[in-house]
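What follows is a set of notes on a single structure, which appears directly below.
Please treat every number below as a calculation from the coordinates, not as lab data. These numbers come from a predicted model, not from an experiment. Backbone-built Cβ (ideal geometry, glycine too); neighbour counts: all protein chains shown.
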Amino acid sequence: MNELAYIAKDELDRLLCLRTVQEKQIEVFAAACRLNTLYMIARAGSGHIGSSFSSLDIVCTLYLDILQGVQGDLLKTHDFFISSKGHDAPGKYAVLLGLGLLDFELIHQLRRLGGLPGHPDVGTPHMYTNTGSLGMGISKARGMAIARRRRGQPGHIFVMTGDGELQEGQFWESLQPTANQGIGEITVLVDHNKVQSDTWVSRVSDLGDLVRKVSAFGWEVHRCDGHDIQQLLAILPPKPGNPRPRFIICDTIKGRGVSFMEHTAMAPTERLYRYHSGAPSPEDYERAVAELHEKINGLLKQLNAGEVKLTRVPRSPARPVEGAQKLIAAYSEALVEEGAKNPNLVVLDADLVKDTGCLAFEAKYPDRFFECGIAEQDMVSQAGGMALAGMLPVVHSFACFLSDRPNEQIYNNASELTKIVYVGSLAGLLPAGPGHSHQCVRDIAALMGLPNTVMLEPCCERETRMAMEYACRGTQESVYLRLVSIPVQVPFTLPSDYRLREGRGVVVRDGSDLVFIGAGPVLLAEAFKAAALLEQDGISARVVNFPWLNRVDPAWLHDCVAGFPALITLDNHYVAGGQGQFLLAELAQMERLQGQRRASFGITEIPRCGLNDEVLRAHELDAVSLARRARALLGVQAAEGRAAA
């Protein structure tokens, strides 16, 4: 259990040179790619096994037999493949690595800085559009097809979607114009593995008769077994001159290739599929590798070929975060407590019940829990109707999807002067592994102008419970609760008598030369550590926890920062439109504080993908970087021997 295993490039080349019928070669290569996909995800510590495995037979068939004139550059390639669902990126990487279309050394760099991003990104060759936010693929492909026609560039576009993805409204919006405009160079492949991120598609929002529905839009619709290579080879080749776009429903099994990871191994009573995201346990990894290795060798034996050799490398030891604050767990408990106090409190979720902390509420109050699926706009408007009818809706999704996609619906609800609690988890720069589609660093800006809505970001479990109590019983306004999802070691404790008071924060470390002020556990923890580094240089830094993102008591703010030579605001968010700019705008009106040196430290470019520590450093938001930047603001040199900090 202390090793990871993969199939090296020379062995993959041998498999690709086997003299056999095409379907057997594809079957062997797909099994090898599953093993390498598993290696990448286990090494990275996160990724999507289930949807990578369910789609790999299709992707391998495309690359080994169907796609013609493939180039890494969209302007040069003839045919190409894009994944709208995006979760299957590790599987596609495994195929590209195996075919020599990416540098094979990148097999060790999934979700690492400068490596392979967690979701498709155009900075990687053969990734022709950014995905991860669902529902966009067909629209993007249609735009590409129109542009390629104007440039006289031939070729065919294959777009893969998930089946849960079909709950997104944009998917249905994209069907009619694609057919009306006769974009016959598009083939959509549905990875119909029956399971979305949390549970069965049919239990969330059943797709019904998909063949008849899509046919009604004018598409040519087919259905096949997405794991039967012969069927795929027969149905995938495009028909020259066909004016109708094609829609192929590929019936697949989530987790295909490892028996206990396949969704068909789930008991009928099981609520959640366990291998959608995240790395497998060491025990599950060993079992999966053994099963895949045996399968590959069994196929090779049928072909009278030698067994495949595995390359083994040491497994990096896990780095447990001792004593970490887990805000989602604290929120989950607080949600159940508020549900007990208010029988009109109802919970809505967008297919992320586990990740957003709703499982306990669903178990205790199933009649007050509503799974809305991957349809955020519909969920938010449904919540608006509930609020108008006397309920207190608490609405959940990842912050990146909740703040932006249904932004107009949130504003519409706000205009009705009802009360709704919105809870956006996975907020901020970290975790950095999924990449910028999931790193929510613009939600504060997107929601800052909302009327009658308070925005809060707690820094620890205790403040999370306070924030939920305030959201449900402490205000008549709607509330946006911004939650960091990763466990964070918070090196300070809030004062025992601390209570949430609107527009006011609390000093968690005092000083006299400089003020760090911000919200949330990630950057406040780094600022606290930076203050300790600065102390070694004779600089005394105050650190202030200020959880209010769009409310401030001007008198409190003045007293908090008055007399300090310098002030630094901290944003786990883009600087533009963040809490820092909000506070600095308020301070600009205070004439008595003119002359104070001020700076806003936060995100200023598209977030990087990688390990959390390396990404914080890359954005100069780790403790060492904060200390260095603070010294520069004050015009102070580091003490001798500490210049690196």
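If we count other beta carbons within 10 Å of each Cβ, what is the order of Ser205, Ser316, fewest first?
Ser316, Ser205
To the nearest 20 debye, what charge dipole does the chain have about its Cα centre, counting +1 at the Cβ of each Lys and Arg and -1 at the Cβ of each Asp and Glu? Let's see the in-between values first.
Working: 64 positive and 74 negative charges, 189 e Å.
Computed about the Cα centre, the dipole is about 900 debye.
Would you work out the relative contact order for the chain, in percent, from Cα pairs under 8 angstrom that are 6 or more residues apart? Could you put the intermediate results ahead of the total?
Details: 1320 pairs, mean separation 78.0, N = 645.
Normalised by residue count, the contact order of the chain is 12 percent.
Compute the angle between helix 521-535 and the longest alpha-carbon principal axis of the chain, please, reported from 0 to 90 degrees and rounded to the nearest 10.
For 521-535 against the chain, the angle is about 60 degrees.
Quick check on packing: order 372-384, 68-80, 26-38 by the mean number of other C-beta atoms within 10 Å, highest mean leading.
Details: 372-384: 22.9, 68-80: 15.2, 26-38: 26.0.
So the peptides 372-384, 68-80, 26-38, ranked by packing, come out 26-38, 372-384, 68-80.
Would you calculate a helix-derived [θ] at 222 nm for the chain, using -39,500 (n - 2.57) for each DSSP H run of n ≥ 4 and dividing by the full residue count, to the nearest 500? Before the final figure, lay out each step's value.
Numbers: 22 runs with 232 residues, N = 645.
The per-residue figure over the chain is -10500 deg cm²/dmol.
At a threshold of 8 angstrom on Cα-Cα distance, excluding pairs fewer than six apart, so keeping six or more, what relative contact order does segment 288-393 reach in percent? Kindly include the intermediate steps, with their values, before the conclusion.
Working: 84 pairs, mean separation 22.5, N = 106.
Taking the mean separation of contacting Cα pairs over the length of segment 288-393, I get 21 percent.
Work out Dmax and Rg for segment 325-471 from the C-alpha atoms and quote the Rg first, both in angstrom.
14.1, 41
Round to the nearest 10 and give me the degree value, 0 to 90, for the angle of helix 89-98's Cα axis relative to the longest principal axis of the chain.
Tilt relative to the chain: about 50 degrees.
Taking the highest mean first, how do the peptides 283-292, 422-431, 328-337 order by number of other beta carbon atoms within 10 angstrom per residue?
On the way: 283-292: 17.8, 422-431: 25.8, 328-337: 19.5.
Packing proxy ranking, top to bottom: 422-431, 328-337, 283-292.
Counting alpha carbon pairs within less than 8 Å and at least 6 residues apart, what relative contact order, in whole percent, applies to segment 3-314?
Details: 568 pairs, mean separation 76.3, N = 312.
After rounding, I find 24 percent.
Going by how many other Cβ atoms sit within 10 Å of their own, how do Cys440, Cys17 line up, fewest first?
Taking fewest neighbouring Cβ atoms as first place, the list is Cys17, Cys440.
Cross-link partners among aspartates and glutamates for Lys364, C-alpha distance below 14 Å, same-chain residues fewer than 8 apart left out?
Hits, sequence-local ones excluded: Glu333, Glu337, Glu338.
What do the square roots of 5 times the Cα gyration tensor eigenvalues come to for segment 3-314, in whole Å, largest first, as semi-axes of the equivalent ellipsoid? Display every interim value, and only then the final one.
Values: eigenvalues 177, 101, 68 Å².
Three semi-axes, in Å: 30, 22, 18.
Amide H to amide H, which residues 5 or more places from Arg542 or on other chains are under 5 Å from it, using H placed in the peptide plane?
Under 5 Å from the amide H of Arg542 lie the amide H atoms of Gly511, Ser512, Asp513, Leu514, Val515, Phe516, each far enough along the sequence or on another chain.
Where does each of Glu605, Glu469 land when they are ranked from fewest to most other beta-carbon atoms within 10 angstrom? Don't skip to the end; give the middle numbers.
Values: Glu605 9, Glu469 15.
Fewest to most other Cβ atoms nearby, the residues stand as Glu605, Glu469.
To test your reading of the geometry: what angle, between 0 and 90 degrees and rounded to tens, separates the Cα axis of helix 169-180 from the longest principal axis of the chain?
Roughly 40 degrees between the two axes.
By per-residue mean of other Cβ atoms within 10 Å, what is the highest-first order of 504-517, 228-241?
Numbers: 504-517: 19.6, 228-241: 15.8.
Output ranking for 504-517, 228-241: 504-517, 228-241.
For Arg442, list long-range residues whose amide hydrogen, built 1.01 Å from N in the peptide plane, is under 5 Å from its own amide hydrogen.
Hits under the 5 Å cutoff: Tyr574.
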